[in-house]
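In what follows, a single structure is set out as structure tokens and then discussed.
The values are calculated or read from the model by the stated rules, or taken from the named source; none is laboratory data. Just so it is clear, the structure is predicted and the values come from calculations on it, not from any experiment. Note that we place each Cβ from the backbone using ideal geometry, even for glycine, and neighbour counts take in every protein chain shown.
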Amino acid sequence: MTLEDVNAASRLVAFGMGRRHRPTGTNEYTRLLERFRLEPDFADHVRAIARGFDLDVIAAEIPAGLVLGTTEETEFKVAVSKLAAQRDDRPVYLLAHLLIAAEAFPRPHDLDDDSFIGRVSVNSLDTRVREAITILDRKATEQGASVEPPADQPGLEAMWRHYHRRPNKGTTAKNNDTRTNTRSLISRALKHLKDHGMVTFSSDEAGGTYTTTARYRLQVRELAGYELLEDLAALGIALPANPLADAANNGGMWSD
Amino acid sequence: MTWAGAEAFADVQGRMKALAVSDPLLDLDRARSKLDRDWGTYQMVELALAAIDAVALRMDLDEGADQEEVVQVVASFAAVQQPDRDAAEYQEVAEWIIHRLINSDSRDRGFDCVVGAVHDGDYALRRFSFQLLRDKQNSQGHAVLAASDEAINVLVHALDVDIASEQVAAEAKLQVLLKKGDIPRARQAALEASLESQRYRDDVHAQLQAARRNVRRVDWDGEIKPVLDEALEHLNERVTAERELLDLVRGLQDGPLDADRQRGLDDLTRLLKRCEDRHLELSAAIGNVGAEIREEIVRQVFAPPAVRPRIHLGSQLLEPVLGLSIDDAARPLAKFVARAMGPTRPETFYLPDVLMRLSDIPEDDHAEPVEVEPVTDAPAEPPPVFTDQQEEAVRSAIASGAETGARLSALLQQIRAEAETLDLPPNTDALLALRSMQLYANPVDVDGDASHAAVVAVRDGRQLEDPVFGGDDLWVRAAPVADVALPLQATDDKSPTTIDQEAR
């Protein structure tokens, strides 16, 4: 490996970090991705450089480009406090991200399909989660479960109930805080994803409609979804081993 | 009545499907959201056909139909239908139509209908699911629109038949029409032929894509090669036929022409050219397939297979998270977001950043803009510490006490009781203490006649016993003015009584 090779490898990492570059035609980015594909040594160098930044190479392909995944240690991950500065808004904002991923890729094989494009809109995301919440609400009422959290520990409130209590949009001219209702928080999450090159704005229809990019699909498939699954398991959430087989029986709200 | 057999019924089934495809289009005109928005006067079916048309004609090899472009085309049709509405509404109508044709409101984006089918003599109802417009990824990774086979069927009113034979038929029809010189109908036939060539291309591409995705399972000699050979042969025939048709068109252009006929012939030339280009391009692509697949084999065989479970995001992640408490969900969700967003530039102190941030309008600012108050020249007076009622109560207490002479301690107790009954602020006793101090320093005229009597406060060494104040227990009394100054000055060589407010 020569200095030129090291330079080329770090250049590919730089392309992966940036949002402006796209591998098109036979530009430098495309040529470097080709090298990554064909030369295992070069690929190892690229991975080593990324690891130096505490990043993992998730994929190197066209059109997604070099897709880098963040780790817990890295300085290069987004801070949630920057995305949703108001602590009160954070649960809904964070849930909105999961909601977007779940609605954009409704079936497991959508994540595997390289040509799949997910399409989500603010209003239908909100409607969908509220439908699911209505079912949870009814179940809780049937079981007579107490859904109110202790007064001094608001953090014990269930996510669904917290979402349920938030208005989806301002109802009167006076009570129209356009920034904290659920639809505007979903809209904000989508805008942030757009700024990161994860979704593309499509139209204003249904409160704002967006389509997913290859990069987002890879981040969700290779990293985000899997890690959340592990974290949930660590919290002791029992998951169906094979959701597709089970979904038909348990009448899961999100099954096809 | 006799049963004609399953074959005859298959034809019914085919037409049933074609009818079903038109259902979502007809629904557009019945949609409540259309009426709610006062769009009742638009013919939505026509606009939807225009949209499918626009998408189908732009589905060129890699680029696909950009949604923005399609919206513009549909909006221009809307403008023709309702010339007196404004441009923003045309845009909205167009976006709404595309939204509905993609069926974004349904999770799997599909339209469903029930179609009867006969299998082994048994009649059963089957669910037939189809799409009209769908998102697909172009070579740059952008989302573009594509029309489904079913949508193209609606346009070219063809049923579910073999595309290759359809193409041959379309060309034969075109040839007859051209020979008759029926240009309007020939133009329509050429449009159909062009759409067929597109479907054929997509069909071949889809097969190749599937082969590329999993080369390990591909049987090159048994499966792929016959398909490719057949496709190449078919394409060669098409190109020959298209060249013949182009010759026919040129022949027609030689005669005398009016403007309409000229335009029709130009369109025909353009459409036929496009078919020819598409078919040549496809031939070239098929020529490269062998090399591509071999390369893919190298890549897939040597790359380690992915070891990760398939995740159903809705039921395995979202559903459990909804049931978690806010505290439990916070960390896993924050991690999910950090992963999904990918890497970003870290926070470092970089002066241009700081300048940028200063000029940013914070996204999260909950405060509503406040009206700026006009700046006044004089600073506003601080509000008085004591109210007029308190002053009045204290003055009368001192005056009544002074007639007979009263101790400060007694006056304090009295004023506290009074303050409670009159509902005065609790600091009334402080005002009394303050006024008594002033009386010690400056005797005050009681009834406005300085020669008659004044109220004085004097020290006689007794200590004040009070829960709040400390110092001398002053003796407040009325005295003739003549008596006031001298004895005070004579005895007062020490510092005056101190009143501490330590307890306050």
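Could you tell me whether any residue of the range B:40-53 is modelled with pLDDT under 75 and more than 28 Å from the chain's Cα centre (by Cα)? Please lay out each step first, then the result.
Quick first cut of the range B:40-53, residues modelled with pLDDT under 75 only: none.
No, the range B:40-53 contains no residue that is modelled with pLDDT under 75 and more than 28 Å from the chain's Cα centre (by Cα).
Per this entry, A:Ala48 is counted among residues that are farther than 28 Å from B:Lys136 by Cα, more than 9 Å from chain B (Cβ to nearest Cβ) and surrounded by fewer than 22 Cβ atoms within 10 Å (Cβ to Cβ).
This table checks each residue for (1) more than 16 Å from the chain's Cα centre (by Cα); (2) in a helix (DSSP H, G or I); (3) modelled with pLDDT under 80.
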position: A:Arg90; (1), (2), (3): no, yes, no
position: A:Tyr93; (1), (2), (3): no, yes, no
position: A:Ile117; (1), (2), (3): no, no, no
position: A:Arg130; (1), (2), (3): yes, yes, no
position: A:Ser146; (1), (2), (3): yes, no, yes
position: A:His162; (1), (2), (3): yes, yes, no
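Hey, any hits in the range B:121-129 for a residue that's aliphatic (A, V, I, L, M) and at pLDDT below 75? Break it down stepwise before answering.
Within the range B:121-129, the subset aliphatic (A, V, I, L, M) is B:124-125.
Filter again for at pLDDT below 75, leaving none.
No, because not a single residue in the range B:121-129 is aliphatic (A, V, I, L, M) and at pLDDT below 75.
Considering only the range A:31-40, I want to know if a residue exists there that is in a helix (DSSP H, G or I), of a type in the set (D, E, K, R), farther than 21 Å from B:Phe336 by Cα and at the interface with chain B (Cβ under 10 Å from one of its Cβ atoms). Yes, the conditions are met somewhere in the range A:31-40. Could you say whether any residue in the range B:295-318 is closer than 30 Å to A:Gln219 by Cβ, more than 14 Å from every other protein chain (Cβ to nearest Cβ), surrounded by 14 or more Cβ atoms within 10 Å (Cβ to Cβ) and at pLDDT below 75? Checked the range B:295-318: no residue is closer than 30 Å to A:Gln219 by Cβ, more than 14 Å from every other protein chain (Cβ to nearest Cβ), surrounded by 14 or more Cβ atoms within 10 Å (Cβ to Cβ) and at pLDDT below 75. Considering only residues that are hydrophobic (A, V, I, L, M, F, W, C) and more than 7 Å from chain B (Cβ to nearest Cβ), look in the range A:199-225 and name the one that is surrounded by the most Cβ atoms within 10 Å (Cβ to Cβ). Of everything passing the filter in the range A:199-225, A:Val199 is surrounded by the most Cβ atoms within 10 Å (Cβ to Cβ).
Residue check: A:Ser81 meets all listed conditions (1) within 30 Å of B:Asp327 (Cα to Cα); (2) outside any helix (DSSP H, G or I); (3) modelled with pLDDT under 85 but one, namely (2).
Scanning the range A:111-137 for residues being free of Cβ contacts under 8 Å to residues at least 12 places away in the same chain and either buried (at least 24 other Cβ atoms within 10 Å of the Cβ) or more than 7 Å from chain B (Cβ to nearest Cβ) (or both) gives a total of 3. If the condition is being at pLDDT 80 or above and either of a type in the set (A, V, I, L, M) or on the phi > 0 side of the Ramachandran plot (or both), then the range A:148-160 contributes A:Ala158, A:Met159.
Checking each residue in the range A:51-63 for being buried (at least 19 other Cβ atoms within 10 Å of the Cβ) and either aromatic (Phe, Trp, Tyr) or in contact with a Phe, Trp or Tyr (Cβ under 9 Å, 6 or more places away or on another chain) (or both) picks out A:Leu55, A:Val57, A:Ala60. Of all residues in the range B:86-110 being within 18 Å of B:Gly40 (Cα to Cα) and surrounded by fewer than 17 Cβ atoms within 10 Å (Cβ to Cβ), which is nearest to the other protein chains (Cβ to nearest Cβ)? Residue satisfying both the conditions and the ranking: B:Ala88. The residue that is surrounded by the fewest Cβ atoms within 10 Å (Cβ to Cβ), among those in the range A:89-110 that are within 26 Å of B:Ala146 (Cβ to Cβ) and more than 8 Å from chain B (Cβ to nearest Cβ), is A:Asp110.
Name the residue, out of B:Leu355, B:Leu351, B:Leu424, that is modelled with pLDDT under 85, hydrophobic (A, V, I, L, M, F, W, C) and closer than 30 Å to A:Leu185 by Cβ.
Values: B:Leu351 fails: closer than 30 Å to A:Leu185 by Cβ; B:Leu424 fails: closer than 30 Å to A:Leu185 by Cβ.
After applying the criteria, what remains is B:Leu355.
In this entry, A:Val80 is excluded by the filter for residues that are more than 30 Å from A:Thr24 (Cα to Cα), under 16 Å from the mean Cα position of the chain (by Cα) and more than 7 Å from chain B (Cβ to nearest Cβ). If you filter the range B:10-60 down to residues that are assigned to a helix (DSSP H, G or I) and of a type in the set (Asp, Glu), you find that the one that is farthest from B:Val70 (Cα to Cα) is B:Asp11.
No other residue among A:Asp110, A:Asp137 is in contact with a His (Cβ under 9 Å, 6 or more places away or on another chain) and modelled with pLDDT of 75 or more apart from A:Asp137.
Residues are listed down the side, and each one gets a yes or a no for (1) within 20 Å of B:Ala50 (Cα to Cα); (2) in contact (Cβ under 8 Å) with a residue 60 or more places away in the chain:
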{"position": "B:Gln82", "(1), (2)": "yes, no"}
{"position": "B:Ala88", "(1), (2)": "yes, no"}
{"position": "B:Asp105", "(1), (2)": "no, no"}
{"position": "B:Val115", "(1), (2)": "no, yes"}
{"position": "B:Ala124", "(1), (2)": "no, no"}
{"position": "B:Leu133", "(1), (2)": "yes, yes"}
{"position": "B:Ala146", "(1), (2)": "yes, yes"}
